[in-house]
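Asker: Following this message is one structure expressed as structure tokens.
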Amino acid sequence: MISPCVPRWWRNFDLTYRRGRAVYQIQVENPLGVSQGIATVEVDGVAQTKNEIQLIDDAKPHSVKIVMGERSSTESEGERVQEQTSS
């Protein structure tokens, strides 16, 4: 689960994470200057419904974009519906 907690003045930061032979280039944006909370997560250009990244040792480079903030109410409702149907 992704749950960054940063000073409000951190507007963006990048990090590289290695999982076996896979490399994840992670870009975090904080346009609203919040300390915590995730608005969106994308992995290789695909929007994720949860604040999670599935780490795969596939020897490939991966791009991750995280935007801090609050999820919109429709995204939050979609997550709740998906969680209820998968339970």
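The values are calculated or read from the model by the stated rules, or taken from the named source; none is laboratory data. Please read these numbers as outputs of a predicted model, since none were measured by experiment. As a convention, Cβ positions derive from the backbone with ideal geometry for all residues, glycine included, and neighbour counts pool all protein chains shown.
Every residue, every condition in (1) over 11 Å from Val64 (Cβ atoms); (2) in contact with a Cys (Cβ under 8 Å, 6 or more places away or on another chain), yes or no:
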residue: Met1; (1), (2): yes, no
residue: Pro4; (1), (2): yes, no
residue: Arg18; (1), (2): yes, no
residue: Tyr24; (1), (2): no, no
residue: Leu32; (1), (2): yes, no
residue: Gln36; (1), (2): yes, yes
residue: Glu42; (1), (2): no, no
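Asker: Name the pairs whose Cβ atoms lie under 6 Å apart, with the first residue in the range 44-64 and closer than 12 Å to Gln25 by Cα, the second of a type outside the set (A, V, I, L, M) and in a loop (DSSP other than H, G, I, E, B), and 6 or more positions between them or separate chains?
Answerer: That search, which allows pairs on different chains as well, returns His62/Asp44; Ser63/Asp44.
Asker: Next question, about the same structure. Output the residues belonging to the range 6-34 that are in contact with a Phe, Trp or Tyr (Cβ under 9 Å, 6 or more places away or on another chain) and small (Gly, Ala, Ser).
Answerer: Answer for the range 6-34, where residues must be in contact with a Phe, Trp or Tyr (Cβ under 9 Å, 6 or more places away or on another chain) and small (Gly, Ala, Ser): just Gly33.
Asker: Sort out for me the strands (runs of 3 or more DSSP E) sitting completely within the chain that have 3 or more residues that are at pLDDT below 95 and either loosely packed, with under 11 Cβ neighbours inside 10 Å or of a type in the set (Ser, Thr, Tyr) (or both).
Answerer: The strands (runs of 3 or more DSSP E) meeting that bar number zero.
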